[in-house]
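> The structure follows.
The values are calculated or read from the model by the stated rules, or taken from the named source; none is laboratory data. As the structure is a prediction and not an experimental result, all values here were calculated from the model. Glycine gets a Cβ as well: all are built from the backbone with ideal geometry, and neighbour counts include every protein chain shown.
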Amino acid sequence: RIGPAFRTSHPLASGPVVQPAPTVDGFVETFLGELNYGQGTLLSQSTLNDQYLALARTVRRYLMADWLETGARRRHAQQKTVGYLSAEYLLGRQLGNNLLATNLQDVAEEAMRRCGIDIATLRAQEVEPGLGNGGLGRLAACFVDSLATMDVPTIGYGIRYEYGIFRQTFEDDRQVELPDSWLSLGSPWEFPHPERQVLVGFGGSTETSTAADGTQHTRWVPDWTVLGMPYHYMVPGFRNGVVNTLRLWSARATHAFDLQIFNAGDYTQAVRAQTFAENISKVLYPEDSTPQGKELRLQQQYFFVACSLHDFIDNTLPADFDLHRLPERIVFQLNDTHPVIAIPELMRILVDRKGFAWDEAWEVTQRCFAYTCHTLLPEALEVWSVELLGRLLPRHLEIIYRINEEFLEQVREAFPGDEMRVRRMSVIAEHPERSVRMAYLATVAGAKVNGVAELHSQLLRDKVLPDFSQLWPEKFTNVTNGVTPRRFVRLANRRLSELLTDTIGEGWVTDLDRLRELEPYADDASFREEFRRVKRENKERLYRLLAVRDGLRLPQEAMLDVMVKRLHEYKRQTLKLLHIVSLYDDLVSGRVAPEEMTPRTVVFGAKAAPGYHLAKEIIFLVNSVAGVVNADPRVQGLLSVAFPANYNVTLAEKLIPAADLSEQISLAGKEASGTGNMKFALNGALTIGTDDGANVEIRRLVGDENFFLFGMTEPEVERRRAAGYTPAEVYETTPALRRTIDLVASGHFTGGDRQAVAPVVDNLLHEDAFMALADFSSYLEAQSRVDAAYADPEAWTRSAILNVARSGFFSSDRSMRDYLERIWHS
Ligand code: GLG
């Protein structure tokens with residue numbers, strides 16, 4: 001067990017911690033101290049990186065007293081803790097957020113100026129920790145921010161990947177992935193705790209022994225182990241004195257293991273063993289919405305949940321805690337299926353290690369977990385082959401079998417004679433190979449199952465888990481996603497924040513429903529003028545950045561139309577591309593006169609999973625079209641396309657506040673929620689979108705007249721598919737679409753190379769699994785409504801203001817209240 005090494009009566013041993021004075025002088029002194037004592041350098045000798053690290057460590061000092069105090073308070077209070085289990089946290093840069101939380105932005109800026117340093121240069125020095133792929137990882141980061149701001153006892157558990165999501169560059173218009181070595185210049189926000197290392201086993205076999213009284217006892221004997229070393233990160237609430245903890249695990253080789261080999265004389269083999277163990281937390285899988293059936297991925301999953309459960313049960317709870325009462329102290333929220341192996345792990349701990357009877361352990365386990373599903377794509381529901389799971393985690397497989405047996409008995413009792421149903425509901429799938437359905441396991445064991453937007457939760461009940469929702473209707477609930485207003489409004493959009501605070505006071509930062517008070521100002525011409533000024537300045541800031549960052553020159557006046565998200569067929573970047581090509585074609589062919597055109601700048605941001613070939617072809621095509629369009633003098637100032645590489649949280653914070661139009665154009669029924677959609681609306685962009693995910697709720701709240709809806713609804717999609725969808729037919733019968741596709745297919749954008757565009761064109765014409773062609777006409781019609789609306793700046797601004805005023809619901813604080821009410825407190 002881990003505990004304080006000694007006890008002392010020294011009055012300072014349990015605080016108070018001396019905090020630096022929150023003044024410019026205090027800040028300068030602390031900063032110089034950090035440069036001297038932390039970096040071992042003088043200001044006059046220091047590099048930019050020295051200065052950044054010293055600045056970060058200075059800010060850290062201001063958080064430390066609150067962090068220690070929060071920890072001590074949590075230990076005493078014996079409240080229920082939320083253990084958020086997530087394989088991804090897409091945190092974004094920490095410096096700005098932590099300065100905001102401590103209310104030290106101005107002090108720090110002035111202090112740096114006194115040292116002759118421009119703080120903006122130091123901010124730009126920070127490499128964001130890209131420990132997530134997209135929405136799911138960013139959601140986890142928003143949630144822990146809100147939980148700290150709401151003072152909810154929380155531990156975020158995850159993996160400290162040495163390499164996060166790859167860095168994207170383009171070579172000859174094609175995506176090239178580079179490793180993201182975010183740790184290479186030092187990571188000032190983390191605190192390693194080698195003394196809290198946890199041993200994790202893999203492989204081996206199980207042994208069952210029978211005691212004198214006839215009871216059987218099973219034990220897992222792993223044949224290899226790794227150590228999990230935790231790194232702690234501060235998660236500050238917004239100016240409330242609360243700092244929660246994010247605990248990310250890093251894998252290390254066990255010394256015993258290497259030493260044995262080393263002693264046997266094989267040095268290189270010993271080092272290889274170390275590399276092998278440390279591979280586990282080496283790299284984030286760059287897959288979004290599709291499981292990689294990789295052994296290493298299962299290792300990662302088990303590694304971090306085993307560390308986390310052990311950490312909570314053995315190192316966080318008091319030594320004498322009665323584990324029968326575990327559900328009073330923790331609820332583990334499973335962020336998608338990635339951590340679901342925690343369920344048999346808890347059973348194993350309770351039964352094999354703590355001597356619980358099976359039923360007792362099951363009773364406890366069922367109350368300790370809740371499961372959030374983030375997808376509707378069947379291929380994204382994780383399954384693990386029994387062969388792999390049994391080889392890596394033999395005891396867990398036995399436990400899963402037993403859970404399943406007892407569950408299926410329950411099904412047979414509820415539905416006598418319905419063996420088809422039993423087979424459908426089994427946690428073990430038989431085809432195409434025997435495998436474990438992790439979403440089913442989570443549903444069987446979890447106290448609650450939730451989707452991430454109303455439509456998604458409905459489809460989850462009706463389409464993905466219908467048998468389960470019939471058996472346990474009360475288990476299913478919805479919590480619509482949300483985003484943190486601290487990072488995505490207050491920090492990202494300082495100008496809008498000032499305008500909001502001047503107009504309605506500053507309460508909105510922690511009570512986003514207050515944005516409603518803005519509504520009357522939509523009719524106030526001078527407020528609208530101010531609102532437009534904010535947008536304009538945000539655009540200028542963005543274009544300055546893109547000029548330096550990507551060498552892009554963009555016209556200041558055009559409508560800024562933005563589509564940023566992972567590259568996925570279902571999200572339909574190709575549909576956006578077809579729109580661009582059709583606008584271009586209309587202009588160059590003279591069908592539309594320049595003065596009839598509403599000038600547009602379209603910005604894309606998207607990474608494709610390295611193994612997702614079609615997605616990479618789409619990136620190539622977007623870049624090719626951008627190259628030709630931007631170079632064509634006939635459309636200069638009327639149409640531009642930009643695709644800055646390496647879209648990430650940092651770039652999102654610059655792009656979103658500048659956008660006029662938000663593209664949320666997935667095929668209905670495919671996007672579980674979306675969270676970018678919320679960020680855009682909150683920053684005063686209007687949405688063009690399908691009736692999908694949280695778009696449905698955005699439209700309901702902001703009003704039909706302030707949202708550009710298009711496309712088939714989910715039931716229409718189903719009907720269309722059932723009737724037999726043939727994209728080539730749509731192509732043949734839609735002249736505008738035909739012209740557009742023909743122009744792409746002709747090689748016009750690829751220097752005459754038709755081969756280069758064939759993968760995308762052929763897919764659209766012959767497969768089009770996500771029905772981009774079916775929605776093309778509706779999309780173009782909606783885009784012409786957008787053009788007309790944008791031509792009236794007063795009406796547009798009014799709509800934009802109403803989007804802000806009516807989007808308070810999408811705060812992740814509200815999501816957290818919903819989880820507390822519907823899931824964690826029940
Ligand atoms: C998912 C979905 C998104 C969702 C996000 C957070 O694709 O629609 O908004 O999680 O719930 N796999 C994802 O990123």
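> Pick from segment 265-285 the residues that are among the small types (Gly, Ala, Ser) and at pLDDT below 75: which of them is surrounded by the fewest Cβ atoms within 10 Å (Cβ to Cβ)?
265
> Let me ask you something else. Could you please find all residues in segment 311-351 being farther than 30 Å from residue 135 by Cα, touching a helix residue (DSSP H, G or I) at 6+ places or on another chain (Cβ under 7 Å) and touching a residue at least 40 places away in the same chain (Cβ under 8 Å)?
Passing the criteria: 315, 323, 324, 326, 347, 348, 349, 351.
> Continuing with this model, one more query. Six or more apart or on different chains, Cβ atoms under 8 Å: show the pairs whose first residue is in segment 653-672 and free of Cβ contacts under 8 Å to residues at least 60 places away in the same chain and whose second is assigned to a helix (DSSP H, G or I) and of a type in the set (S, T, N, Q).
That search, which allows pairs on different chains as well, returns 664/677; 664/695.
Listed here are the residues, each with its yes/no results for (1) surrounded by fewer than 24 Cβ atoms within 10 Å (Cβ to Cβ); (2) closer than 30 Å to residue 48 by Cα.
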| position | (1), (2) |
| --- | --- |
| 144 | no, no |
| 168 | yes, yes |
| 201 | yes, no |
| 223 | yes, no |
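> Could you please let me know if residue 288 is in contact with a Gly (Cβ under 9 Å, 6 or more places away or on another chain), within 16 Å of the ligand (Cβ to nearest atom) and either at pLDDT 95 or above or of a type in the set (Asp, Glu) (or both)?
Criteria met by residue 288.
> Looking at segment 276-288, I want the residues that are within 21 Å of residue 382 (Cα to Cα) and in the same structural domain as residue 373 (by TED's automatic domain parsing) and have a partner that is polar (S, T, N, Q) and within 13 Å of the ligand (Cβ to nearest atom) with Cβ atoms under 9 Å, at least 6 apart or on another chain. Which pairs are those?
Matching pairs, first to second residue: 284/133; 285/133; 286/133; 287/133; 288/133.
> So, one more: Would you be able to tell me the number of residues in segment 161-176 that are charged (D, E, K, R), farther than 27 Å from residue 308 by Cα and either outside any strand (DSSP E or B) or within 20 Å of the chain's Cα centre (by Cα) (or both)?
Residues in segment 161-176 being charged (D, E, K, R), farther than 27 Å from residue 308 by Cα and either outside any strand (DSSP E or B) or within 20 Å of the chain's Cα centre (by Cα) (or both): 3 in total.
> Of everything in segment 221-235, what is of a type in the set (Ser, Thr, Tyr) and under 27 Å from residue 141 (Cα atoms)? Give them in sequence order. Even if it seems obvious, please write down each step before you answer.
Just the residues of segment 221-235 that are of a type in the set (Ser, Thr, Tyr), to begin with: 225, 231, 233.
Of everything in segment 221-235, those that are of a type in the set (Ser, Thr, Tyr) and under 27 Å from residue 141 (Cα atoms) turn out to be 231, 233.
> Here are some residues: 681, 685, 668. Which one is more than 21 Å from residue 789 (Cα to Cα) and small (Gly, Ala, Ser)? Don't jump to the end; show me each part of the working.
Values: 681 fails: more than 21 Å from residue 789 (Cα to Cα); 685 fails: more than 21 Å from residue 789 (Cα to Cα).
Step by step, each of 681, 685, 668 is checked, and only 668 is more than 21 Å from residue 789 (Cα to Cα) and small (Gly, Ala, Ser).
> On to the next question. Taking interchain pairs and intrachain pairs at least six residues apart, which have beta carbon atoms under 7 angstrom, with the first residue in segment 116-143 and basic (Lys, Arg) and the second part of a helix (DSSP H, G or I)?
What qualifies is 123/95; 123/96; 138/649.
> Would segment 58-73 turn up any residue that is part of a loop (DSSP other than H, G, I, E, B), closer than 30 Å to residue 367 by Cβ and either more than 16 Å from the ligand (Cβ to nearest atom) or at pLDDT below 95 (or both)? Steps first, answer last, please.
Let us first name the residues in segment 58-73 that are part of a loop (DSSP other than H, G, I, E, B), namely none.
Checking segment 58-73: not a single residue is part of a loop (DSSP other than H, G, I, E, B), closer than 30 Å to residue 367 by Cβ and either more than 16 Å from the ligand (Cβ to nearest atom) or at pLDDT below 95 (or both).
> Being crowded, with 24+ Cβ neighbours inside 10 Å and either at pLDDT below 95 or in a helix (DSSP H, G or I) (or both) is the filter here; which residues of segment 543-572 pass it?
Correct list: 571 only.
> Let me ask something else. Go through (1) over 22 Å from the mean Cα position of the chain (by Cα); (2) among the basic types (Lys, Arg); (3) within 22 Å of residue 362 (Cα to Cα) for residue 424 and report which single condition fails.
Residue 424 satisfies all of (1) over 22 Å from the mean Cα position of the chain (by Cα); (2) among the basic types (Lys, Arg); (3) within 22 Å of residue 362 (Cα to Cα) except (3).
> Still on this model: Would you pick out the residues in segment 692-702 that are more than 14 Å from the ligand (Cβ to nearest atom) and either over 22 Å from residue 560 (Cβ atoms) or touching a Ser or Thr at 6+ places or on another chain (Cβ under 7 Å) (or both)?
700, 701, 702, listed by residue number.
> So, in segment 658-691, of the ones that are β-branched (Val, Ile, Thr) and either at pLDDT below 95 or under 27 Å from residue 599 (Cα atoms) (or both), which residue ends up farthest from the ligand (Cβ to nearest atom)?
688
> Sort out which residues of segment 146-166 are in contact with a Lys or Arg (Cβ under 6 Å, 6 or more places away or on another chain) and surrounded by fewer than 24 Cβ atoms within 10 Å (Cβ to Cβ), and write them in order of number.
Matches in segment 146-166: 153, 162.
> I've got another one for you. Got at least one residue in segment 731-738 being at pLDDT 95 or above and under 35 Å from the mean Cα position of the chain (by Cα)?
yes
> With the structure loaded, tell me whether residue 411 is touching a Leu at 6+ places or on another chain (Cβ under 8 Å) and either without any contact (Cβ under 8 Å) to a residue 40 or more places away in the chain or outside any helix (DSSP H, G or I) (or both) or whether it fails that test.
For residue 411, the condition - touching a Leu at 6+ places or on another chain (Cβ under 8 Å) and either without any contact (Cβ under 8 Å) to a residue 40 or more places away in the chain or outside any helix (DSSP H, G or I) (or both) - is not met.
> Additional query: Take residues that are within 16 Å of the ligand (Cβ to nearest atom) and tell me which of the helices (runs of 4 or more DSSP H) falling wholly in segment 415-463 contain 2 or more.
So the answer is 438-445, 454-459.
Matching residues to (1) at pLDDT 95 or above; (2) in the same structural domain as residue 287 (by TED's automatic domain parsing); (3) closer than 20 Å to residue 67 by Cβ:
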position	(1), (2), (3)
86	yes, yes, no
98	yes, no, yes
111	yes, no, no
117	yes, no, no
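> So is residue 798 within 30 Å of residue 725 (Cα to Cα) and either surrounded by fewer than 20 Cβ atoms within 10 Å (Cβ to Cβ) or out of contact with any Phe, Trp or Tyr (no Cβ under 8 Å at 6 or more places or on another chain) (or both) or not?
Criteria not met by residue 798.
> Just for helices (runs of 4 or more DSSP H) wholly inside segment 87-160: which have at least 3 residues that are under 17 Å from the mean Cα position of the chain (by Cα), within 16 Å of the ligand (Cβ to nearest atom) and not polar (S, T, N, Q)?
135-149
> Among all residue pairs at least 6 apart or on different chains, which show Cβ distances below 6 Å where the first residue, located in segment 469-490, is more than 15 Å from the ligand (Cβ to nearest atom) and the second is aromatic (Phe, Trp, Tyr)?
Partner pairs satisfying both residue conditions: 469/476; 486/238.
> Name the residues in segment 395-420 that are surrounded by 14 or more Cβ atoms within 10 Å (Cβ to Cβ), within 18 Å of residue 208 (Cβ to Cβ) and of a type in the set (D, E, K, R), would you?
395, 398, 402
> I would also like to ask the following. Mind telling me which of the residues 730, 744 ends up being within 24 Å of residue 669 (Cβ to Cβ) and not hydroxyl-bearing (Ser, Thr, Tyr)? Give the derivation first.
Working: 744 fails: within 24 Å of residue 669 (Cβ to Cβ).
Exactly one residue qualifies, and that residue is 730.
> Please go through segment 378-401 and pick out each residue that is within 30 Å of residue 825 (Cα to Cα) and within 16 Å of the ligand (Cβ to nearest atom).
380, 381, 382
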